[in-house]
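The values are calculated or read from the model by the stated rules, or taken from the named source; none is laboratory data. What you see is a predicted model, and the numbers here were worked out from it, not measured in a lab. Here Cβ is always computed from backbone atoms with ideal geometry, including for glycine, and neighbour counts include all displayed protein chains.
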Amino acid sequence: MKVLYFHQHFSTPKGSTGIRSYEMATRLIKHGHSVTMVCGSYGGGETGLTGQFIKGRRGGNVDGIDIIEFDLAYSNKDSFLKRTTTFIKFALKSIGIALTHKYDVAFATTTPLTAGIPGIFARWLRFKPFVFEVRDLWPELPKEMGVIKNPIVLAAMSILEWCSYRSAHRCIGLSPGIVEGIKKRGVKANKIELIPNGCDLNIFANQTNAWRPEGVAENELMAIFTGTHGIANGLDAALDAAAELKKRNRLDIKLVLVGQGKLKEQLQLRAKEEQLDNVVFHPPVNKAKLSELMKGADIGMQLLANVPAFYFGTSPNKFFDYISAGLPVLNNYPGWLASMIKQNNCGYSVEPENPQAFADALEHAADNRELLPHMGERAKLLATKEFNRYNLADQWVSWVLEGSNEKTI
């Protein structure tokens with residue numbers, strides 16, 4: 001079976017972003033199928049291609065995956081207009097691939113929502129089976145966040161969402177809320193599968209050399225956040241907690257924020273102005289280096305802005321990385337992940353926008369360091385039993401390939 005896979009932000013493990021698509025593609029190959037990955041150039045990603053772009057694209061084979069990369073640089077720091085333009089350009093170039101390439105099934109994954117456009121063309125103009133994976137609910141999330149307010153843009157996105165869902169022979173949702181969101185658009189339940197992000201146990205389970213960033217002593221509690229520093233992540237909550245800890249004179253607790261994003265400079269400026277020397281900023285690192293960093297950490301912070309749509313509508317990579325590494329997790333919003341942490345007693349869950357409760361959790365962790373390894377063991381058990389990437393990838397492969405035999409939704 002030949003699978004044409006569209007993911008604008010694709011990366012191999014050499015990059016500093018999520019590698020779900022890489023793992024799914026290599027799993028397809030392991031099962032004897034071939035994959036052509038169509039992607040752009042993502043700031044935190046690494047496709048593995050090194051050749052020159054010719055007429056705006058380059059290609060090659062990386063770890064068995066045939067990759068077509070468009071010269072469309074993207075960064076979370078870009079303006080809304082620039083990001084939108086890049087999304088549209090990628091979709092238009094991808095339509096050309098969908099209409100000319102030889103393949104048996106088209107697969108597209110968000111974000112952005114425009115990733116579904118080549119799949120729509122594959123379905124209706126070439127009558128190819130189309131499977132659509134939804135990582136975030138658009139336009140619901142940007143609307144609730146207030147990022148997009150223009151009613152015309154929101155209406156256009158809603159139409160595209162409906163067309164993508166209803167054109168797909170099968171859909172995949174990465175969280176319970178996403179699955180429910182797809183159902184609300186009229187897709188039958190038996191056409192939707194919940195396949196959340198998984199745990200890369202082969203990366204984070206390896207014995208590695210632990211390290212800590214400069215400014216974090218071995219005897220201090222190190223809480224880490226690893227991910228985008230953007231509006232959705234709500235990292236001011238970490239700085240609010242740091243300010244509260246400083247008031248309490250808890251200088252033995254350090255919050256380490258690893259990554260990049262549109263708000264990073266703003267967050268750094270705030271930390272400097274408020275003299276929050278208990279906050280350490282570090283640039284993004286690849287998965288191997290991240291594994292070593294997590295080995296040196298005490299707890300992982302799963303943070304998001306207080307937006308109700310996030311409670312059940314996200315499946316964040318960083319959470320699964322934390323539990324893969326056997327780290328307890330501190331979560332600052334309600335929802336399915338908070339319930340999971342409580343049920344498995346593998347960390348702390350505090351209410352949003354409550355820096356006192358956030359600081360209380362970190363203080364408890366610092367004062368009861370002997371409990372953290374046991375929480376970490378339970379986190380690792382959860383990762384192994386419920387979210388092993390290989391098992392989820394096999395489920396994904398079966399769902400995608402079974403969808404290739406369907407003609408109507």
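Of all residues in the stretch 327-337, those satisfying the criterion of being touching a residue at least 24 places away in the same chain (Cβ under 8 Å) and buried (at least 17 other Cβ atoms within 10 Å of the Cβ) are Leu327, Pro328, Val329, Leu330, Asn331, Asn332, Tyr333, Gly335, Leu337. One residue stands out in the stretch 9-25 among those that are outside any loop (DSSP other than H, G, I, E, B) and under 11 Å from the mean Cα position of the chain (by Cα): the one that is surrounded by the fewest Cβ atoms within 10 Å (Cβ to Cβ), namely Ser21.
Can you work out which of the residues in the stretch 307-351 that are polar (S, T, N, Q) and in contact with a Pro (Cβ under 7 Å, 6 or more places away or on another chain) is farthest from Ala241 (Cα to Cα)? Of everything passing the filter in the stretch 307-351, Ser315 is farthest from Ala241 (Cα to Cα).
Yes or no, residue by residue, for (1) part of a loop (DSSP other than H, G, I, E, B); (2) touching a strand residue (DSSP E or B) at 6+ places or on another chain (Cβ under 6 Å); (3) not aromatic (Phe, Trp, Tyr):
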residue: Arg250; (1), (2), (3): yes, no, yes
residue: Val256; (1), (2), (3): no, yes, yes
residue: Ala271; (1), (2), (3): no, yes, yes
residue: Pro284; (1), (2), (3): yes, no, yes
residue: Ser291; (1), (2), (3): no, no, yes
residue: Ser315; (1), (2), (3): yes, no, yes
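Residues that are farther than 28 Å from Ala25 by Cβ and not polar (S, T, N, Q) number at least 2 in the following helices (runs of 4 or more DSSP H) confined to the stretch 121-210: 140-145, 151-167. Considering the stretch 59-93, and only residues there that are exposed (fewer than 15 other Cβ atoms within 10 Å of the Cβ), more than 18 Å from Gly15 (Cβ to Cβ) and aliphatic (A, V, I, L, M), the residue that is modelled with the lowest pLDDT turns out to be Leu81. All of (1) farther than 20 Å from Gly177 by Cβ; (2) out of contact with any Cys (no Cβ under 8 Å at 6 or more places or on another chain) hold for Trp336 with one exception: (1). For the stretch 193-212, the criterion of being in contact with a Cys (Cβ under 8 Å, 6 or more places away or on another chain) and modelled with pLDDT of 95 or more is met by at least one residue.
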